[in-house]
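Peer 1: Below you'll find the structure I mean.
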Amino acid sequence: MRKLLDKLRAVPHLFAKVMVLWCVICGTAASAYAMRILSRTGHDPAALLGVVLAFFGGELLLMCLKTVLNQGKDERDE
């Protein structure tokens, strides 16, 4: 167990990588479910899908902005 923890800590930007993967998987699942709603009921789920994808896109945008703004701070400190 300790070796696994050490390996995970050695991976650079692990949280960011997992968060991107999570958002892509959830966005794909939401899109697939929206297509299922459309095919089974004929109702247009575009509004619901837009809200869900905007949420995950916003998460990725905030993470990207955090990275970009922190890089600028690191360069000024040197």
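Peer 1: Mind counting the residues in segment 15-28 that are of a type outside the set (Lys, Arg) and either open to solvent by 60 Å² or more (accessible area, probe 1.4 Å) or in contact with a strand residue (DSSP E or B) (Cβ under 6 Å, 6 or more places away or on another chain) (or both)?
Peer 2: The initial filter retains those residues of segment 15-28 that are of a type outside the set (Lys, Arg), namely 15-16, 18-28.
Adding the requirement that they be either open to solvent by 60 Å² or more (accessible area, probe 1.4 Å) or in contact with a strand residue (DSSP E or B) (Cβ under 6 Å, 6 or more places away or on another chain) (or both) leaves 15, 18, 20-22, 24-25, 28.
Residues in segment 15-28 being of a type outside the set (Lys, Arg) and either open to solvent by 60 Å² or more (accessible area, probe 1.4 Å) or in contact with a strand residue (DSSP E or B) (Cβ under 6 Å, 6 or more places away or on another chain) (or both): 8 in total.
Peer 1: Still on this structure: I'd like to verify a number: residues in segment 29-40 that are in contact with a helix residue (DSSP H, G or I) (Cβ under 6 Å, 6 or more places away or on another chain) and open to solvent by 80 Å² or more (accessible area, probe 1.4 Å), how many?
Peer 2: If we filter segment 29-40 for residues that are in contact with a helix residue (DSSP H, G or I) (Cβ under 6 Å, 6 or more places away or on another chain), which is where we start, we get 30, 34.
With the extra rule that they be open to solvent by 80 Å² or more (accessible area, probe 1.4 Å), the set shrinks to none.
Number satisfying all stated conditions: 0.
Peer 1: What are the pairs, 6+ residues apart or on separate chains, where a residue within segment 23-37 that is touching a residue at least 12 places away in the same chain (Cβ under 8 Å) has its Cβ under 6 Å from a residue that is among the aliphatic types (A, V, I, L, M) and in a helix (DSSP H, G or I)?
Peer 2: Going by the 6 Å Cβ cut-off, the qualifying pairs are Cys23/Leu60; Gly27/Leu53; Ala30/Val52; Ala34/Leu49.
Peer 1: Condition check: without any contact (Cβ under 8 Å) to a residue 24 or more places away in the chain and either of a type in the set (Gly, Ala, Ser) or at negative phi (or both). Does Thr41 satisfy that?
Peer 2: On the way: without any contact (Cβ under 8 Å) to a residue 24 or more places away in the chain: yes; either of a type in the set (Gly, Ala, Ser) or at negative phi (or both): yes.
Criteria met by Thr41.
Peer 1: Could you tell me whether any residue of segment 46-60 is acidic (Asp, Glu), in a loop (DSSP other than H, G, I, E, B) and either open to solvent by less than 100 Å² (accessible area, probe 1.4 Å) or at pLDDT below 90 (or both)? Step through it out loud before you land on a result.
Peer 2: Just the residues of segment 46-60 that are acidic (Asp, Glu), to begin with: 59.
From what's left, in a loop (DSSP other than H, G, I, E, B): none.
No, segment 46-60 has no match at all.
Peer 1: I've got another one for you. With the requirement that a residue be assigned to a loop (DSSP other than H, G, I, E, B) and within 14 Å of the chain's Cα centre (by Cα), what does segment 10-38 give you? Step through it out loud before you land on a result.
Peer 2: Looking only at segment 10-38, we keep the residues that are assigned to a loop (DSSP other than H, G, I, E, B), and these are 11-13.
The answer is His13, and nothing else.
Peer 1: Would it be correct to say that Thr67 is surrounded by fewer than 11 Cβ atoms within 10 Å (Cβ to Cβ) and of a type in the set (Ser, Thr, Tyr)? Break it down into steps so the answer makes sense when it comes.
Peer 2: Details: surrounded by fewer than 11 Cβ atoms within 10 Å (Cβ to Cβ): no; of a type in the set (Ser, Thr, Tyr): yes.
Against the criterion (surrounded by fewer than 11 Cβ atoms within 10 Å (Cβ to Cβ) and of a type in the set (Ser, Thr, Tyr)), Thr67 does not qualify.
The values are calculated or read from the model by the stated rules, or taken from the named source; none is laboratory data. This structure is a prediction, so every number in the text was calculated from the model and none was measured. Note that we place each Cβ from the backbone using ideal geometry, even for glycine, and neighbour counts take in every protein chain shown. Heads up: the accessible areas ignore ligands, DNA and RNA and are worked out on the full protein's heavy atoms, side chains in. Shrake-Rupley method; radii C 1.70, N 1.55, O 1.52, S 1.80 Å.
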